[in-house]
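Beneath this line is the structure, given in structure tokens, with notes to follow.
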């Protein structure tokens, strides 16, 4: 996997070329809006250029709740762009511990489903990647 960008101790974005997937690994949802906006702009451009088909959100170790202002920006601006750039699958790895992180994840899943992006959930990243490999081969 190739690292695209990282916001230290918050989130890192990687590229899995075999599955054409962006993998967002979250450690902490409480993130500064400016930091996130700068990073996500680059990640979305990378996803579009490389014809990404899946967006994997690994929130298995994530903590906290997303700031309301940032949640609204993601809901209104970022998630709709996933559909526009060709993302077909929004894959989630559920938080293990934090109930606040689970609330954030549930809200995002509802939004992408309403946008017409298939939403799939797995217990771990390995299972998600294997599933994407299987559907890409069929």
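None of the figures in this text is laboratory data; all of them are computed from the coordinates on show. From a predicted model like this one, the values you see are computed outputs, not experimental measurements. Note that we place each Cβ from the backbone using ideal geometry, even for glycine, and neighbour counts take in every protein chain shown.
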### Query
How far apart, in nm, are two points set 7 Å out from the Cα along the Cα-to-Cβ line at residue 67 and at residue 42?
1.9
### Query
Taking Rh as the Kirkwood radius, which is the inverse of the mean 1/r over Cα pairs, what is the Rg/Rh value for segment 34-85?
0.97
### Message
So if each residue of separation counts as 0.36 nm, and I subtract the Cα-Cα distance between residue 83 and residue 137, what length gain in nm does that give?
### Response
17.3 nm
### DSSP-defined antiparallel bridges as percent of all bridges, the chain, nearest 5
40
#### Entry: Residues residue 130 and residue 35, FRET efficiency given R0 of 41 Å [Cβ-Cβ distance, rounded to 0.05]
0.80
### Message
I need two numbers for the chain: Rg to one decimal and Dmax as a whole number, Cα atoms only, in Å.
### Response
13.6, 40
### Task
Report relative contact order for the chain in percent, whole number only (criteria: Cα-Cα under 8 Å, sequence separation at least 6).
22
### Task
For n ≥ 4 DSSP H runs only, could you compute -39500 (n - 2.57) per run for the chain, divide by its residues and tell me the 222 nm figure to the nearest 500?
-13000 deg cm²/dmol
